[in-house]
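Written below as structure tokens is the structure these notes are about.
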Amino acid sequence: MPDITSIALHTALDGLQARQRAIADNISNINTPGYLANKVAFETSLADAVRSGSPAAAAASPVSTRKSLEPTREDGNNVNLDQETISNVATNLSYQTVLAALNSKYSLLRTAMSSQ
């Protein structure tokens, strides 16, 4: 049975991947009149699930995508390229960090199994 750490890391990767897709959609629709930017949130629900200590709760941690309520331009679009770029960089760094943590965990498991 997978442990809560592995499940939480995989769930975080799923959430970060959803955020990367939303950012790409936002940037590709920057000139679409009436388009409202998508925002992805999962960190709070994942943290709550991890605090509960239940692997099932961590696995079921919801990734919510919502429309941004930021002010719009005259054409009704509210995509901010600067904000999306910063969010993309932060998301990529977070993804790399979570992936490194998962790789370290698997490396420890391989080491433990090979020493027996």
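With a cut-off of at most 11 other beta carbons within 10 Å, and DSSP calling the residue loop, which trypsin sites (Lys or Arg not before Pro) in segment 30-116 qualify? Please list them.
Answer by residue number: Arg73.
Take every Cα pair under 8 Å in the chain that's 6+ residues apart, average their separations, divide by the length, and report that relative contact order as a whole percent.
With pairs under 8 Å counted, the relative contact order is 34 percent.
Can you put Thr85, Thr11 in order of Cβ neighbours within 10 angstrom, beginning with the fewest?
Working: Thr85 12, Thr11 23.
If I rank by nearby Cβ atoms, fewest first, I get Thr85, Thr11.
State the three equivalent ellipsoid semi-axes of the chain, derived from the C-alpha gyration tensor as the square roots of 5 times its eigenvalues, in descending order and whole Å.
35, 16, 9
Could you please tell me the mean projected area of the C-alpha convex hull for segment 4-54, averaged over all directions and given in square nanometres to one decimal?
Working: hull surface 14.5 nm².
With every direction weighted equally, the projected area is 3.6 nm².
Check Asn38: other-chain or 5+ apart residues with amide H under 5 Å from its amide H, H built from backbone geometry?
Asn26, Ser68
Where Lys and Arg each count +1 and Asp and Glu each count -1, what net charge lies around Ser28 among other residues with Cβ under 12 Å from its Cβ?
-1
Label 7 Å along Cα→Cβ of Leu99; segment 3-24 residues with amide nitrogen under 17 Å?
9-24
What angle, in degrees between 0 and 90 and rounded to the nearest 10, separates the Cα long axis of helix 4-28 from the longest principal axis of the Cα atoms of the chain?
20 degrees
Which loop-located GluC sites (Glu not before Pro) does segment 16-116 contain, where loop means any DSSP state but H, G, I, E or B and the Cβ has at most 10 other Cβ atoms within 10 Å? Write out the running numbers ahead of the final one.
Working: sites: Glu43, Glu74, Glu84; in loops: Glu74.
Listed in order of number, the matching sites are Glu74.
Quick one: Karplus J couplings for segment 31-48, per residue in order, coefficients 6.51, -1.76, 1.60, θ = phi - 60°, nearest Hz, x for Gly and Pro?
Values per residue, Gly and Pro as x: 10, 8, x, x, 6, 9, 4, 8, 10, 10, 10, 8, 4, 5, 5, 5, 4, 4 Hz.
Bear in mind these aren't lab numbers, they're just calculated from the coordinates by the rules spelled out. All values derive from a computational prediction rather than experimental measurement. Don't worry about glycine lacking a Cβ; one is built from the backbone with ideal geometry, like all the others, and counts go over all protein chains shown.
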